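Below: the structure, in structure tokens.
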2 protein chains.
Amino acid sequence: MTKPLAGITILDLTHVLAGPFCSMTLADLGARVIKVERPGSGDDTRAFPPFSKGKSAYFAAINHGKKSIALDLKSDTDRAVFERLLPHADVILENYRPGVMERLGYGWEDLHAMYPRLIYGAVSGFGHTGPDAKRPAYDMVVQGRGGVMSITGEKGREPVRVGASIGDIVAGMYLSQGVLAALMDRERNGKGRKVDVAMLDAQLAILEHAIAITSVTGTPPVPTGARHPSIAPFETFHASDGLFVIAAGNDVLFEKLCVALNLPLSDDPRFATNPARVENTRLLKRLIEAVTLDKTRAYWIARLGAAGIPSGPIQDVAQVMRDPQIVARNMVVDVLDRNGRPAFKAAGNPIKMSGLGDPTVRPAAPDLDGDRGEILRWLEGKG
Amino acid sequence: MTKPLAGITILDLTHVLAGPFCSMTLADLGARVIKVERPGSGDDTRAFPPFSKGKSAYFAAINHGKKSIALDLKSDTDRAVFERLLPHADVILENYRPGVMERLGYGWEDLHAMYPRLIYGAVSGFGHTGPDAKRPAYDMVVQGRGGVMSITGEKGREPVRVGASIGDIVAGMYLSQGVLAALMDRERNGKGRKVDVAMLDAQLAILEHAIAITSVTGTPPVPTGARHPSIAPFETFHASDGLFVIAAGNDVLFEKLCVALNLPLSDDPRFATNPARVENTRLLKRLIEAVTLDKTRAYWIARLGAAGIPSGPIQDVAQVMRDPQIVARNMVVDVLDRNGRPAFKAAGNPIKMSGLGDPTVRPAAPDLDGDRGEILRWLEGKG
């Protein structure tokens, strides 16, 4: 069985994170990704620390296995190369500000008229419509404007960002879903579609309970530290040697937890239902910690685990990368250098799929313009 | 042009958030989703606050437009109904612990043998393989174990969770991508695939720079509050009336920022390159704030915006829901009640796509077992 996107060619004009994250997933699913970079410095993330042997680990983690060609889309010579690539592309991805592709002559309308099967995927800060369509954005801008910072952190302190750039990453994942749906449908009707994803929209799409709370109560939620605002108990608790997580998301689990902690609370009307527990969450936390403070995290995680109650440690990233479950799932992979030696660690593919394979190494990330010769030869083979 | 997933039927056995988030996206893309719930209480999120007229806004926000049938998959009568549904499904989704579907007789191997075109999508805490495959998990467990809490919050203080349940949401988005890729490929080769997504894997997949830093330096990163650890300036800054965001992600933007702030720093070797700026980020922040503290947030956001520098406010969720750009993009929609009246607000679809449409209302979320009659009549029509 071949990979699901075998034979699909992606012409990827995106840089930094949102777009390249999308094309990384599509590459992991079997697509050929040709990364078109601007001559000179290429993708900005080539300059993002940390570096190893002069190469950015950040760039490598997102761009492994892609091919790079440097093209100045304002130069006639390079436009000619680009226009030889276009007919062989199934998908074009771009993250310019709205209007840039049109000025280059490669806007959706023009391309769709010439190549009706081509799928056009765009990701931008604010999308291709609306009053702020042309404003620039990066992750921090949409994390701040999009609301997630207002519900992350501790009540009464300055807002914090989510430690990973979910402003980009979630947008890249929505772009990938849109492109995949368009590819699926193209197999049936032969026509390409335009997909337009805004980083700001994508932030709103993951606000979860926060929109429900705001719309029902009229009051936006505030950060709640390490606690879920709609479920209890569902937060961190102190053991004798530090913090660990208990997440008892329904009445059955709460009853099991009461048994495991020898705390007779499940018939108490203050704690009998999830809404009641949310109401009395501070008292509930103190009652649980009165018990958990007596033993270690490891003790409680083992004991609650054996009783079928979701619980676990709070791990730093080095611990996560060594976690036996993560290792068993091939979730940390080696990105090779151009000589085939392991150069960087990166995240593996979380989409485990029959017939896809799940290798623990990834081909090297490309040097800027490093595949020009190979790409031109491939085009010649296409005639 | 029809919706890209028109004609696709999803048999959705998932509950709570990760799986239902996936099927919500597939429904937004045009699929028919039949939600199979356990008799009695149904999906746990029917009991999640807040409520309006006795209905959970949380449940409605994720399950609008799906059909509900209550089936006990251990009862012969209900199994017979389920087995009449199976031949008409393109995709089955489940989030049981590994082994449960096998014991019910509906594991991937059995279903694939009977229905080779059926796509089987599973999302679980830790995946279907590895030593912890059978452990239960909720969002908090994988946010803690998966590392994102270790990089979110303020250095030296207790870890905080990401304010939205990205442990579930990101896993649901990966499941959606896997299912869409399998649907696409099925159009070419006629065969279904199994997709196995673990919430823990999905958390690792979004750690971004943190894996690169850990693997290159040997030291896992710590939380950095509101600052990106690999890019500078890329954080919150104080204006005269509060905090706002500046995100100057490359040298050109930094130079523009220096001009806009009238701060001659771009030729200074301490700030001339992004790696140098990251190195000297505390000094850089103080220098920038020496200027920004003199005027309001609105002043700076307008001024920097006009100069093409990414910047913006930090909004609470009520402000986000009123944001003119969000409104213009139809990103807040009305979920109707069974009488067709607006009952709840929910996030719109961030995948804007030609031929898909972008309505500002959503059909009601189903009552438990509320569509049994309609589903049975539909089956009769199928003969």
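Observations on the structure shown:
- Using alpha carbons only, the radius of gyration of region B:234-314 set against its Kirkwood radius gives Rg/Rh = 0.93.
- Cα centroid separation, region B:243-316 to region A:1-53 (Å): 29
- Within chain B, percent of DSSP bridges classed antiparallel, to nearest 5: 40
- For region A:234-314, the dipole from Cβ point charges (+1 on Lys and Arg, -1 on Asp and Glu) about the Cα centre works out to 140 debye, to the nearest 20.
- Shown here are the Rg and Dmax of the Cα trace of region B:135-264, at 19.7, 63 Å.
- Counting all C-alpha pairs of the protein assembly as shown, share separated by more than 52 Å (%): 8
- With the charge dipole of chain A set up from +1 on Lys and Arg Cβ and -1 on Asp and Glu Cβ about the Cα centre, the Cα lying farthest toward the positive end among the listed residues A:I69, A:C22, A:F271 is that of A:I69.
- Dipole magnitude (debye, nearest 20) for chain B, charges at Cβ of Lys, Arg, Asp, Glu: 380
- Ascending list, in nanometres, of distances separating the A:M1 label from those of the other copies (7 Å, Cα toward Cβ): 3.1
- Each of B:G153, B:M101, B:P116 was scored by the projection of its Cα onto the charge dipole of region B:77-156, and the greatest displacement toward the positive side belongs to B:G153; charges sit on the C-beta of Lys, Arg, Asp and Glu.
- Note on chain A: with a GNM built from Cα contacts shorter than 10 Å, the maximum mean-square fluctuation among A:L204, A:L93, A:L287 falls on A:L287.
- At 1.306 mPa s and 10 °C, Stokes D of region B:93-201 from Kirkwood alpha-carbon radius, µm² per second: 105
- A Cβ-based charge dipole, computed about the Cα centre of the protein assembly as shown with Lys and Arg at +1 and Asp and Glu at -1, lands at about 120 debye.
- Selected from B:K134, B:K194, B:K256 as most flexible by GNM, with chain B as the system and alpha-carbon contacts under 10 Å: B:K256
- Choice from A:V291, A:V81, A:V141 with maximal GNM fluctuation in chain A (Cα, 10 Å cutoff): A:V291
- Inter-copy label distances at A:R103 (7 Å, Cα→Cβ; nm, one decimal): 6.3
- 12 Å beta-carbon shell around B:K352, net charge (K/R +1, D/E -1): -1
- Dimensions (Å) - chain A, Cα atoms, principal axes, largest first: 77, 49, 41
- Within the protein assembly as shown, DSSP assigns beta bridges of which about 45% are antiparallel (rounded to the nearest 5).
- Farthest towards the positive end of the charge dipole of chain A, among the residues A:Q315, A:N250, A:L284, is the Cα of A:Q315, using unit charges on the Cβ of Lys, Arg, Asp and Glu.
Every read-out reported here was derived from the displayed coordinates using simple, explicitly stated rules and does not represent laboratory data. For clarity, every value in this text was computed on a predicted model and none was experimentally measured. Ideal geometry is used to build each Cβ from the backbone, glycine not excepted, and the neighbour counts take in all protein chains shown.
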